[in-house]
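Peer 1: Sharing a structure, written as structure tokens. Questions coming.
The values are calculated or read from the model by the stated rules, or taken from the named source; none is laboratory data. Just so it is clear, the model here is predicted, and its values are computed rather than measured. No Cβ is skipped: glycine too gets one built from the backbone with ideal geometry, and neighbour counts run over all protein chains shown.
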Amino acid sequence: MKVVVAVKRVADPNVKVRALADGSGVDLANVKMTMNPFDEIAVEEAVRLKEAGHATEIVVVSVGPEKSAETLRTALAMGADRGLLVRSDAVVEPLAVAKILKAVAETEKPDLIIVGKQAIDDDANQTGQMLAALLGWGQGTFASKIAIGGAAIEVTREVDGGLQTVNLPLPALVTADLRLNEPRYASLPNIMKAKKKPIDEKTPADYGVAVEPRLTVVRVHEPATRKAGIKVGSVAELVDKLRTEAGVL
Amino acid sequence: MIHADDGILSQEQRLMRDSCRSFVDDVVTPFIRSNWQREWDMSPGERLPSAILEGAEAIGVRTLGVPEEFGGIDLEKETEVRTFALISEEIARGDSGLADKLVQNWKVSIVLRQFAPKHLQEKWFPRLLEDPKFLLAHCLTEPRGASDRWLPYNVPEASMHTKAVLDGDHWVINGRKQFISNGFDASLYVVYANTDPSVGMLQGTSSFLVPRGTPGLTITKCNETMGCRFMNNGELVFEDCRVPADHLLVKSTALASAGQYFRAGKIIQAAKNLGVGVACFERTADYVQNYVQGGRILIKHQAVALRLADMATRIEAVRSLVERAAKAVDEAHPDADILCNMAKVYASEEIMKVATHALELHGGNGAMLEFGIEKLFRDAAIFLHMDATVDVSRMKIIKNMFPATAGKYAGPES
Ligand SMILES: Cc1cc2nc3c(=O)[nH]c(=O)nc-3n(C[C@H](O)[C@H](O)[C@H](O)COP(=O)(O)OP(=O)(O)OC[C@H]3O[C@@H](n4cnc5c(N)ncnc54)[C@H](O)[C@@H]3O)c2cc1C
Ligand SMILES: Cc1cc2nc3c(=O)[nH]c(=O)nc-3n(C[C@H](O)[C@H](O)[C@H](O)COP(=O)(O)OP(=O)(O)OC[C@H]3O[C@@H](n4cnc5c(N)ncnc54)[C@H](O)[C@@H]3O)c2cc1C
């Protein structure tokens with residue numbers, strides 16, 4: 001079984017980012033970048049499928065600037081076999097990413113595609129769903145568990161009411177949720193070994209996909225700073241404030 | 001802290017640093033912060049939970065220095081010492097004792113890959129790789145004499161007291177070694193002993209491989225140290241300890257040949273220092289931006305801001321020198337010996353000042369064990385004389401710069 005995993009380079013979730021002064025976006029100059037945490041989970045799941053003898057090859061794909069090669073390198077160090085960088089210095093929206101990945105899927109012909117449920121920068125939560133629709137494949141989103149059985153895959157999904165299990169014929173698409181697994185650290189020896197694994201480079205144009213944005217960013221601003229807390233004198237005052245000011249009672 | 005250095009690192013070095021940093025932030029630091037009593041557990045074997053060593057194992061930092069042909073890591077040789085520096089700084093930022101434990105394995109692996117006969121490499125490297133608890137130790141210091149070896153004073157009267165004599169197909173070792181990092185719990189020791197009392201130590205010292213459990217080798221105690229307490233420093237006694245003749249690593253010129261070990265060791269030492277300094281800075285920067293005195297957060301008091309600036313500046317100055325010295329060692333530059341001693345001594349004194357600022361800026365909290373700042377202070381202090389004292393390091397610098405004058409031995413006691 002061949003698995004394709006898509007990974008995105010995003011600002012490190014532990015770093016506090018700031019909006020650009022002109023409100024056009026987020027200031028990423030000198031900000032530490034890392035692999036989108038949900039994509040790490042996706043890579044980890046693919047590596048576990050390989051270790052369990054289900055997967056034979058893992059191809060990781062990233063759409064983004066040149067530096068995304070480093071994100072691919074991390075995935076290779078975690079255990080993926082080869083990488084594909086579809087290079088674009090401009091922002092690529094979920095629909096365009098989905099179209100690129102569709103084209104990649106048509107050449108790579110994987111049995112399974114795993115992506116993160118969303119990227120922690122734009123939190124779009126769209127790429128996986130759009131990709132499955134474009135390919136006409138079954139999709140198991142927000143996966144917290146997957147099990148391979150012959151030509152099908154059983155995906156346990158985290159839904160509002162609890163857990164839902166879906167059975168998908170292969171090829172299929174899965175989006176990884178937080179509890180699917182705990183990703184490993186790339187070990188130092190594997191980082192050095194990953195250096196020898198190949199990364200191919202393409203452009204969106206190679207796949208005939210236009211990446212011009214369809215959305216317009218009106219303004220990016222920081223959330224309002226939280227006001228300092230107050231001390232209340234009595235329980236009665238607390239209840240009163242919860243009712244009249246907070247409006248939660 | 002500032003990361004202006006990112007540009008000069010290779011992609012692999014950055015990824016390795018990130019893995020170590022994640023391991024430290026997710027596993028090591030939370031353990032250290034919430035288990036401050038563990039340092040004072042008087043059963044040395046119990047101090048560090050195995051989960052920490054297993055974590056270190058999972059990211060592959062226990063066995064750097066082991067050649068790839070034995071299942072080790074294929075680090076770029078041209079930048080190996082710089083990579084060692086990078087990784088030891090990151091680990092020491094979490095705990096410098098843990099870093100001590102691990103780097104001893106890297107340093108001794110350098111000795112083994114250079115000097116051990118092939119069949120012993122084939123025997124020991126796989127064992128080192130297989131067992132997450134396997135540690136290595138390097139035994140030079142004796143109850144009488146350590147500084148002499150660092151200078152080194154090349155006269156018979158400064159020679160090692162530990163002696164090895166060939167008896168048939170075995171070397172018989174007698175003597176004592178003290179202050180040995182990992183000495184208490186190592187599985188394999190590299191031991192230096194005198195094999196020719198008639199000449200100076202550069203011509204009369206040999207090195208041997210001594211496995212733990214060899215009859216005649218006794219680990220007499222774990223030294224209770226002021227800092228780096230998660231590394232178990234030990235004392236060893238050799239009483240007619242017999243090792244097979246092939247366990248001889250270097251005959252006669254062992255001290256002179258150990259240069260690569262010593263130089264890499266000084267850089268690693270300075271880099272561990274740096275990690276402790278960075279931890280001091282990060283903790284303090286966080287504290288002074290949250291703790292209020294005089295109605296405002298501490299950092300808004302200019303006296304506090306000035307100290308913080310001083311901490312950051314010293315750290316960056318140390319980093320610059322460590323990088324320069326590490327590069328010189330990697331490139332086997334003729335001045336590498338001078339530069340790595342400079343880096344080692346400068347780091348130890350500067351980071352001591354950084355730790356003092358950290359202690360001061362934390363006020364009374366700085367003195368409290370559960371706060372962890374006094375630990376950083378103790379960890380910084382112990383660096384002053386690991387791998388040579390401050391003064392001996394300085395003398396070494398001058399003896400190297402002016403070999404014809406300062407390099408001459410002053411003469412024996414009359
Ligand atoms: C935590 C720790 C880990 C260690 N790990 C190891 C290890 O793994 N292996 C190992 O072999 N050793 C190890 N050591 C030993 C270490 O290398 C020595 O402690 C160090 O070199 C100092 O030697 P000493 O203790 O004998 O002090 P001394 O040499 O007795 O020095 C005492 C004082 O005299 C000064 N002095 C000495 N000689 C001269 C001179 N000629 N001129 C002027 N001043 C002089 C020194 O500067 C110092 O101030 C370790 C020590 C520590 C504390
Ligand atoms: C062993 C010990 C025993 C003690 N015993 C007693 C006791 O018996 N009784 C008692 O009441 N207290 C006691 N203390 C408390 C001690 O007096 C305080 O810890 C000390 O005064 C420092 O105050 P702090 O801890 O609040 O630090 P802070 O006041 O918060 O100081 C933190 C840092 O900020 C700096 N700073 C603070 N304000 C300013 C400013 N305006 N401008 C510039 N810099 C500033 C300080 O110099 C310091 O570097 C004890 C403390 C210890 C460690």
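Peer 1: Under 9 Å between Cβ atoms, at least 6 apart or on separate chains: pull out the pairs that start in the stretch B:273-285 with a residue that is among the charged types (D, E, K, R) and end on any residue that is surrounded by fewer than 22 Cβ atoms within 10 Å (Cβ to Cβ).
Peer 2: Matching pairs, first to second residue: B:282/B:1; B:283/B:371; B:283/B:372.
Peer 1: Could you please give the count of residues in the stretch A:197-214 that are assigned to a loop (DSSP other than H, G, I, E, B) and hydroxyl-bearing (Ser, Thr, Tyr)?
Peer 2: So the count comes out to 1.
Peer 1: Anything in the stretch B:216-234 that is within 15 Å of residue B:142 (Cβ to Cβ) and either within 16 Å of ligand 2 (Cβ to nearest atom) or within 13 Å of the chain's Cα centre (by Cα) (or both)? List them, or say none.
Peer 2: B:233
For every residue, the table says whether it meets (1) buried (at least 22 other Cβ atoms within 10 Å of the Cβ); (2) within 22 Å of residue B:147 (Cα to Cα); (3) in contact (Cβ under 8 Å) with a residue 12 or more places away in the chain; (4) within 16 Å of ligand 2 (Cβ to nearest atom).
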position	(1), (2), (3), (4)
B:319	yes, no, yes, no
B:323	no, no, yes, no
B:326	yes, no, yes, no
B:340	yes, yes, yes, no
B:345	yes, yes, yes, no
B:350	yes, yes, yes, no
B:355	yes, no, yes, yes
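Peer 1: Out of all the residues in the stretch B:76-107, which are among the acidic types (Asp, Glu) and under 10 Å from the mean Cα position of the chain (by Cα)?
Peer 2: Answer for the stretch B:76-107, where residues must be among the acidic types (Asp, Glu) and under 10 Å from the mean Cα position of the chain (by Cα): just B:100.
Peer 1: Looking at the structure I just gave you, is residue B:183 surrounded by 24 or more Cβ atoms within 10 Å (Cβ to Cβ), more than 16 Å from ligand 2 (Cβ to nearest atom), more than 14 Å from every other protein chain (Cβ to nearest Cβ) and in contact (Cβ under 8 Å) with a residue 40 or more places away in the chain?
Peer 2: For residue B:183, the condition - surrounded by 24 or more Cβ atoms within 10 Å (Cβ to Cβ), more than 16 Å from ligand 2 (Cβ to nearest atom), more than 14 Å from every other protein chain (Cβ to nearest Cβ) and in contact (Cβ under 8 Å) with a residue 40 or more places away in the chain - is met.
Peer 1: Go over the candidates A:161, A:138 one by one and state the one that is without any contact (Cβ under 8 Å) to a residue 12 or more places away in the chain and over 30 Å from residue B:58 (Cα atoms).
Peer 2: A:161
Peer 1: Anything in the stretch B:376-396 that is within 6 Å of ligand 1 (Cβ to nearest atom) and either acidic (Asp, Glu) or not in a helix (DSSP H, G or I) (or both)? List them, or say none.
Peer 2: B:385, B:386, B:387, B:388, B:389, B:391, listed by residue number.
Peer 1: OK, next. Listed residues A:184, A:179, A:226, A:243; which is under 30 Å from residue A:154 (Cα atoms) and either at pLDDT below 90 or assigned to a helix (DSSP H, G or I) (or both)?
Peer 2: Answer to the check: A:179.
Peer 1: Moving to a separate point now. Test of understanding: among A:158, A:93, which residue is surrounded by fewer than 20 Cβ atoms within 10 Å (Cβ to Cβ) and at pLDDT 95 or above? Don't jump to the end; show me each part of the working.
Peer 2: Working: A:158 fails: at pLDDT 95 or above.
Selected residue: A:93, the only one of A:158, A:93 that is surrounded by fewer than 20 Cβ atoms within 10 Å (Cβ to Cβ) and at pLDDT 95 or above.
Peer 1: Report yes if residue B:348 is among the hydroxyl-bearing types (Ser, Thr, Tyr) and within 16 Å of ligand 1 (Cβ to nearest atom), otherwise no. Walk me through it before giving the result.
Peer 2: Numbers: among the hydroxyl-bearing types (Ser, Thr, Tyr): yes; within 16 Å of ligand 1 (Cβ to nearest atom): yes.
For residue B:348, the condition - among the hydroxyl-bearing types (Ser, Thr, Tyr) and within 16 Å of ligand 1 (Cβ to nearest atom) - is met.
Peer 1: Only one of these conditions is not met by residue B:234: (1) out of contact with any Cys (no Cβ under 6 Å at 6 or more places or on another chain); (2) within 15 Å of ligand 1 (Cβ to nearest atom); (3) among the small types (Gly, Ala, Ser). Which number is it?
Peer 2: Evaluating residue B:234 over (1) out of contact with any Cys (no Cβ under 6 Å at 6 or more places or on another chain); (2) within 15 Å of ligand 1 (Cβ to nearest atom); (3) among the small types (Gly, Ala, Ser) leaves (1) as the failure.
Peer 1: Can you pull out the residues in the stretch B:41-71 that are touching a Phe, Trp or Tyr at 6+ places or on another chain (Cβ under 9 Å), closer than 18 Å to residue A:184 by Cβ and more than 13 Å from every other protein chain (Cβ to nearest Cβ)?
Peer 2: Residues satisfying the conditions are B:51, B:52.
Peer 1: For the stretch A:51-72, which residues satisfy the criterion of being part of a helix (DSSP H, G or I) and within 11 Å of residue A:5 (Cβ to Cβ)?
Peer 2: A:72
Peer 1: Before we move on, is residue B:300 of a type in the set (Lys, Arg) and more than 16 Å from ligand 2 (Cβ to nearest atom)?
Peer 2: So residue B:300 fails the test.
Peer 1: Among the residues in the stretch B:361-373, are any in a loop (DSSP other than H, G, I, E, B) and either of a type in the set (Gly, Ala, Ser) or more than 23 Å from residue B:309 (Cα to Cα) (or both)?
Peer 2: Taking the stretch B:361-373 first, the residues in a loop (DSSP other than H, G, I, E, B) are B:362, B:368, B:372.
Filter again for either of a type in the set (Gly, Ala, Ser) or more than 23 Å from residue B:309 (Cα to Cα) (or both), leaving B:368, B:372.
Checked the stretch B:361-373: at least one residue is in a loop (DSSP other than H, G, I, E, B) and either of a type in the set (Gly, Ala, Ser) or more than 23 Å from residue B:309 (Cα to Cα) (or both).
Peer 1: Looking at (1) within 16 Å of ligand 1 (Cβ to nearest atom); (2) of a type in the set (S, T, N, Q); (3) more than 19 Å from the chain's Cα centre (by Cα), which one does residue B:302 not meet, given that it meets all the others?
Peer 2: (1)
Peer 1: Name the residue, out of B:222, B:228, B:241, that is surrounded by fewer than 23 Cβ atoms within 10 Å (Cβ to Cβ) and either of a type outside the set (A, V, I, L, M) or in the same structural domain as residue B:17 (by TED's automatic domain parsing) (or both). Before the answer, list the steps.
Peer 2: On the way: B:228 fails: surrounded by fewer than 23 Cβ atoms within 10 Å (Cβ to Cβ); B:241 fails: surrounded by fewer than 23 Cβ atoms within 10 Å (Cβ to Cβ).
Of B:222, B:228, B:241, the one residue that is surrounded by fewer than 23 Cβ atoms within 10 Å (Cβ to Cβ) and either of a type outside the set (A, V, I, L, M) or in the same structural domain as residue B:17 (by TED's automatic domain parsing) (or both) is B:222.
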